[in-house]
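The values are calculated or read from the model by the stated rules, or taken from the named source; none is laboratory data. Treat the numbers as computed from the prediction; the structure is a model and nothing was measured. FYI the Cβ positions are ideal-geometry reconstructions off the backbone, even for glycines, and counts take in every protein chain you see. For accessibility, only protein heavy atoms count, side chains too; no ligands or nucleic acids. Shrake-Rupley method; radii C 1.70, N 1.55, O 1.52, S 1.80 Å.
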Amino acid sequence: MPLVLNEEQSMLKDAAAGFLAEKAPVAALRALRDERNADGFSRDLWQEMAEMGWAGIAIPENYGGLDYGYVGLGLILEEMGRQLTVSPMQSSVLVGATLINLAGNDAQKQALLPAIAEGKLLVSLALQEGRHHRPAHTALTATANGDGFSLSGEKVMVLDAHVADKMIIAARTSGEAGDTAGVSLFLVDGDVQGLSCERVIMVDSRNAGKVTLNNVVVSKGDLIGELDGGMAVLEKALSIANIGLSAELLGLCLQSFETTIEYLKQRKQFEALIGSFQSLQHRAADMFAELELGKSMVLAALQAIDNDDDDLALMAAATKAKLCEIAENVTNETIQMHGGIGMTDEYDMGFYMKRARAAQQTFGDYSYQLDRFACLNGF
């Protein structure tokens, strides 16, 4: 497919850019951080997004969504990256709704997806258990108990955990930590007996959480997908999630770059605009070239999701790895090119770097994705 947006997609992108610039700029993130907002995001803003169809943009029409596809969702995430907009879009829509749509039965989809599309239900994936993203090392246990299971263990880095109405818990139903088989997915209420959540505010001022389950009882009806077969659906959902995060990283990198270019045109040193210094021009040109490559990779990966491409996992790993690399370079360069002012809290550049570092680590960083790319290629 051509790596250009059609008219409808361009209109969606422009509409999202205008809405977010007005309703959810970086100043809104500052306000949420400084007031220590209990939710960590604006529920009124989230409802507005849902009313515009954003929460259901990738959800099928027969389950209450727009069925616009992941290119549309990616364009919104890119614009959110530009403004550093805080919302449950990543946790509940990009990950939660995707998992339910991929693995849920019809009854589960009918019960959950319309509520997510309406912005009334927040769902989060509880997967990671250690310092690094290693899905196959799931050790939280799901022990057969009569007609159901008893879940016990801990999860960390659970996005928006403390506000989640429901969580999708990855648990081991057979085998040992490290086995790709034997992982199952269970849907639990956020306030179920035996579950506790400790809110963690990350370096980018967004929500994560440490979730502890102590003999949480679930029924067989709470199982999402096949018993012991959760890893296959997780891998596809995580590929989609990483492409979505790459779109967000692209947006924040583009905004950081454009802001820096404007600064180079205005800041004077030694009675000359610093943008006239050849060394800075070369570095800006390098960033521009890398960002153009990033645009093409992200759009191609989003199209691969909508086309159900056989190479989706490969494209996801390559795209996230490249965008992690670009984000690392661009945010470092933009801070340095701004000089001392770039390090201050009063200026926005630091916020972009902090969000970039958190997004890079989420669901696998540069090294993880590079290793995955090599393994998928048989190296």
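Stokes-Einstein at 4 °C, 1.567 mPa s, Kirkwood radius from Cα pairs: D for the stretch 1-139 in µm² s⁻¹? Each step should come with its number before you reach the end.
Details: Rh = 16.1 Å.
D, rounded to a whole number, is 80 µm²/s.
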Taking only C-alpha positions in the stretch 231-376, Rg and Dmax in angstrom work out to 16.9, 60
The chain: relative contact order as a whole-number percent, Cα under 8 Å and 6+ apart | 15 percent
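How do GLU262, GLU78 rank by accessible surface area computed with a 1.4 Å probe, from largest to smallest?
On the way: GLU262 85, GLU78 20 Å².
Heavy-atom accessible area, descending, gives GLU262, GLU78.
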For the Cα atoms of the chain, what angle does the longest principal axis make with the long axis of helix 7-23, in degrees from 0 to 90, nearest 10?
-> 80 degrees
Virtual spin-label span in nm between ASN329 and ASN105, 7 Å along Cα→Cβ = 5.0 nm
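Give me the percent relative contact order of the stretch 48-159, please, defined on Cα pairs under 8 angstrom at least 6 residues apart.
Values: 146 pairs, mean separation 26.2, N = 112.
Relative contact order of the stretch 48-159: 23 percent.
Can you work out the accessible area per residue across the chain, with the rest of the protein chains kept in place, probe 1.4 Å, in square angstrom?
On the way: 16430 Å² over 379 residues.
Dividing the accessible area of the chain by its residue count gives 43 Å².
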What is the stretch 124-228's relative contact order, in percent, from Cα pairs under 8 angstrom and six or more apart in sequence?
-> 32 percent
Nitroxide proxy distance, nm - points 7 Å out along Cα→Cβ at MET11 and GLU61 = 1.6 nm
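What does the charge dipole of the stretch 7-122 about its Cα centre add up to, to the nearest 20 debye, if the Cβ of each Lys and Arg holds +1 and the Cβ of each Asp and Glu holds -1? Don't skip to the answer; put the middle values down first.
Numbers: 9 positive and 16 negative charges, 91 e Å.
Value, rounded to 20: 440 debye.
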Angle, helix 349-361 long axis vs. longest principal axis of the chain, Cα atoms, 0 to 90°, nearest 10?
-> 30 degrees
Which of ASN242, LEU291, ASN329 sits farthest toward the positive end of the charge dipole of the stretch 231-376, with +1 on the Cβ of Lys and Arg and -1 on the Cβ of Asp and Glu?
-> ASN329
Which order, highest average first, do 338-349, 245-256 follow once you tally other Cβ atoms within 10 Å for each residue and take the mean per peptide?
-> 245-256, 338-349
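Explain nothing, just the number: dipole magnitude of the chain about its Cα centre with +1 on each Lys and Arg Cβ and -1 on each Asp and Glu Cβ, in debye rounded to the nearest 20. Could you put the intermediate results ahead of the total?
Values: 30 positive and 51 negative charges, 186 e Å.
Computed about the Cα centre, the dipole is about 900 debye.
Rounded to the nearest 5, what % of the DSSP beta bridges within the chain are antiparallel ones? Working shown, then result.
Details: 30 of 36 bridges.
Approximately 85 percent, going by the DSSP bridge assignments.
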Calculated on alpha-carbon atoms, Rg and Dmax of the chain in Å = 20.9, 79
Pairs from LYS210/LYS354; LYS23/LYS236; LYS268/LYS320; LYS109/LYS155; LYS23/LYS295 whose Cα-Cα separation, in the structure shown, is over 28 Å = LYS23/LYS236; LYS268/LYS320
Dipole of the stretch 276-379, Cα-centred, from +1 at each Lys and Arg C-beta and -1 at each Asp and Glu C-beta, to the nearest 20 debye?
-> 260 debye
Taking just the C-alpha trace of the stretch 124-228, give me its Rg and Dmax in Å.
-> 13.0, 43
Looking at the stretch 232-314, which chymotrypsin sites (Phe, Trp or Tyr not before Pro) are in a loop (DSSP not H, G, I, E or B) and have at most 13 other Cβ atoms within 10 Å?
-> PHE270
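Hey, any idea what % of the chain's accessible area is carbon plus sulfur with a 1.4 Å probe?
Ligands and nucleic acids excluded, carbon and sulfur reach 51 percent.
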Tilt of helix 106-117 relative to the longest C-alpha principal axis of the chain, in degrees (0 to 90, nearest 10)?
-> 30 degrees
